[in-house]
Amino acid sequence: MIMVAAMYGNKGSHAQVFMSPSSSLKEADSFGEAAIIYQAGSDIIRSELGAFGEKLLGPSTAYVQSNFIRKYLSNPQYYFQVNDEYVKNKLKIILFPFLHRGYWVRSIEKVGGQVSYKPPIYDINAPDLYIPFMAFGTYLVLAGILLGINGKFSPEALSVQSTNGLLCWFFQVLLLEATLHTLGDGDVPLLDFVAYTGYTFAAGSAAVLARMACRHCFYTVTLWESFCMGMFFVKVMKRILISEMRSCEKHSSKRHYLLLLVAIAQAPLLFWLGNVGV
């Protein structure tokens, strides 16, 4: 029931509208029901969209994550399973690869019904990250000592040597990845490349030690280690192409030229690492 009261005065007319209590309650109830229905509909839409999105993106996200980890990160703990015997024998292979009389093929084992490579502690041909990191640290310490001997030591100079070393490491990784992907088809974990190329700092440390002795020793040792590292990388890459890639070019001239390029590239890289403070 609506009651209208007209009030008249000297300054004009005013109209007031009064709503009955029963009509106000009915209107409030209708608004409340509409709000509940709207909220329920929104929840249903959000839940349905969320389920659809999870169904659509869930498998692809899991696929991307699993492939990213497998291809680029692998298992970092695997690369640090070493002992003193492994480190000693591995350094012999790196610095004097022609003394390695055994096979260059990696050993495999079954773990949880799946075939995987044995860790470095059980396989001398497996890559590790312990030697690369220790060799890089040793290289920086020797470079700092050589800078001090020459009266050129400073934090900035040592930082330059560290940057040069990391650039050399990065270039080696790119060189090996580009060569393998040119010659074959397959996914090799990135940490394998980081490990193999990090062995260069063992030869680089030997070059810096020779530089401390005399310049003639530096040239002799650097040329020798360039030959040894070139031989080491050719052996490793041949093994990867044959046993770890899905397919590769066999007995092709391109393969021989690219492997020769990798071997020759070790000389300028080692001379670059050995020329500390120049």
| said: Which of the numbered conditions does residue 190 fail, given that it passes all the others? Conditions: (1) of a type outside the set (Asp, Glu); (2) within 29 Å of residue 80 (Cβ to Cβ); (3) out of contact with any helix residue (DSSP H, G or I) (no Cβ under 6 Å at 6 or more places or on another chain). | reply: (3)
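What number of residues within segment 214-234 are in contact with a Lys or Arg (Cβ under 6 Å, 6 or more places away or on another chain) and within 15 Å of residue 93 (Cβ to Cβ)?
0
Among the listed residues 197, 182, identify the single one that is open to solvent by 20 Å² or more (accessible area, probe 1.4 Å), under 22 Å from residue 239 (Cα atoms), in a helix (DSSP H, G or I) and of a type outside the set (A, V, I, L, M, F, W, C).
Answer to the selection: 182.
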| On the given criteria, is residue 230 crowded, with 18+ Cβ neighbours inside 10 Å, touching a helix residue (DSSP H, G or I) at 6+ places or on another chain (Cβ under 7 Å) and touching a residue at least 40 places away in the same chain (Cβ under 8 Å)? | no
| Hey, residue 277 hits all of (1) surrounded by 21 or more Cβ atoms within 10 Å (Cβ to Cβ); (2) part of a loop (DSSP other than H, G, I, E, B) but one; which does it fall short on? | (1)
| Which of the residues belonging to segment 115-161 are assigned to a loop (DSSP other than H, G, I, E, B), in contact (Cβ under 8 Å) with a residue 24 or more places away in the chain and open to solvent by 30 Å² or more (accessible area, probe 1.4 Å)? | 124, 150, 152
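The values are calculated or read from the model by the stated rules, or taken from the named source; none is laboratory data. What you see is a predicted model, and the numbers here were worked out from it, not measured in a lab. Because the Cβ atoms are built from the backbone with ideal geometry, glycine has one as well, and the counts that use them run over all protein chains shown. Note: areas computed on protein heavy atoms with side chains; ligands, DNA, RNA excluded. Shrake-Rupley method; radii C 1.70, N 1.55, O 1.52, S 1.80 Å.
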